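What follows is a single structure, written as structure tokens, with notes after it.
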Amino acid sequence: MKKFKISDVLIYLALLFCGLICLIPILNTVAISLSDKTSAALGLVRLWPVNFTTVSYGNMLEETQFWVSFMVSVKRVIIGVSLNMVVTILTAYPLSKSSSQFRTKSIYMWIVVFTMLFNGGLVPTFMVINKLNLMDTFWALVLPGAVPVFNVILLMNFFKGVPQSLEESASMDGAGPWTVLTQIYLPLSKPSLATIGLFSVVTHWNSYFDGKIYINSVSKLPLQTYIQSLSSSLNAEMMATMTAEEVQEQLAMSSLTFNSAKVVVSMIPILLIYPFLQKYFVTGMVVGAVKE
């Protein structure tokens, strides 16, 4: 029977503590979404619903703008992740080659690393988007982050781990670079591809700030930007200090439970995707992040 050391116990306790820190806000949001308006506004809800009700979810299903923003985010994930994957693969593959095979590799590597460490900043990026006439368009949400440098380096290291003999054998049989990439490298890189794919999905789905500064039309707002614009004006602690009349007035203007229900629904797609990619995610991180 395996004996537990004190260090093992401390590690498990630390992991449990970190897990609770991540889980408690989610449970609180779910509890608020399933509570009545008054209890949520007065700050009575903790980890369990007070005066259980599903009215907020029923009202949410009837709200048009929520579903419009939801579909904008779905479109962003589909197009944005596809663009990220194509560009990442086409960038990582040549960079994984030796200097004798790709003579200008060092120049491109310097460019890639430099862009990962430094960027032009918010104002220059905004000016570029504006000059390219991308303001208030869908492409302003996907093109600025089309080349995720961290994902490029992760996939590049994974490609380096593919045995060189496989490529040499394929070349002897007449296979060109495209055939080698699509028939050998990509099938062997499923764990790493799943990892960077998950990174891209989470990034595009959770991004809200770019929608605030690049999008002006409400009908074009991604879901997280729409939810943030609603929840930013709500503060349960401030409501707890209000008089009964002020609370009733606040309840008439907005619904904390209604917006909490939207937050819960926005989390569901990621929670559904992650379990299926978890084994690939762990393998891809371990193999792709270390290169001997």
*Among the residues of segment 144-161, is any surrounded by 16 or more Cβ atoms within 10 Å (Cβ to Cβ), under 20 Å from W178 (Cα atoms) and out of contact with any helix residue (DSSP H, G or I) (no Cβ under 8 Å at 6 or more places or on another chain)?*
yes
*Among F126, F138, which is the only one that is aromatic (F, W, Y), farther than 29 Å from S192 by Cβ and modelled with pLDDT of 90 or more?*
F126
*Just to be sure, is M238 at pLDDT below 85 and either touching a Cys at 6+ places or on another chain (Cβ under 8 Å) or assigned to a loop (DSSP other than H, G, I, E, B) (or both)?*
no
*Being within 14 Å of G145 (Cα to Cα) and not hydroxyl-bearing (S, T, Y) is the filter; apply it to segment 97-117 and report the residue that is surrounded by the fewest Cβ atoms within 10 Å (Cβ to Cβ).*
M116
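Let's see how each residue does on (1) part of a helix (DSSP H, G or I); (2) hydrophobic (A, V, I, L, M, F, W, C); (3) within 30 Å of T182 (Cα to Cα):
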site: L16; (1), (2), (3): yes, yes, no
site: T29; (1), (2), (3): yes, no, no
site: A40; (1), (2), (3): yes, yes, no
site: N59; (1), (2), (3): yes, no, no
site: M71; (1), (2), (3): yes, yes, no
site: V87; (1), (2), (3): yes, yes, yes
site: S98; (1), (2), (3): no, no, yes
*If you go through segment 216-233 one residue at a time, do you hit one that is modelled with pLDDT of 80 or more, closer than 19 Å to I26 by Cα and outside any helix (DSSP H, G or I)?*
no
*asked:* Looking at segment 100-116 only, could you name the residues that are of a type in the set (K, R), within 13 Å of K160 (Cβ to Cβ) and part of a loop (DSSP other than H, G, I, E, B)?
replied: none
*Could you tell me whether V72 is in contact with a Pro (Cβ under 6 Å, 6 or more places away or on another chain) and of a type in the set (V, I, T)?*
yes
*Restrict the check to segment 3-23 and report whether at least one residue is hydroxyl-bearing (S, T, Y) and exposed (fewer than 12 other Cβ atoms within 10 Å of the Cβ).*
yes
_Residue count for segment 131-164, restricted to those that are in a loop (DSSP other than H, G, I, E, B) and among the aliphatic types (A, V, I, L, M)_ = 7
*Please enumerate the residues belonging to segment 169-201 that are surrounded by fewer than 16 Cβ atoms within 10 Å (Cβ to Cβ) and over 16 Å from Y93 (Cβ atoms).*
S169, M172, D173, G174
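The values are calculated or read from the model by the stated rules, or taken from the named source; none is laboratory data. Source: prediction; values computed, not measured. Quick reminder, even Gly has a Cβ in these numbers, built from the backbone with ideal geometry, and neighbours come from all protein chains shown.
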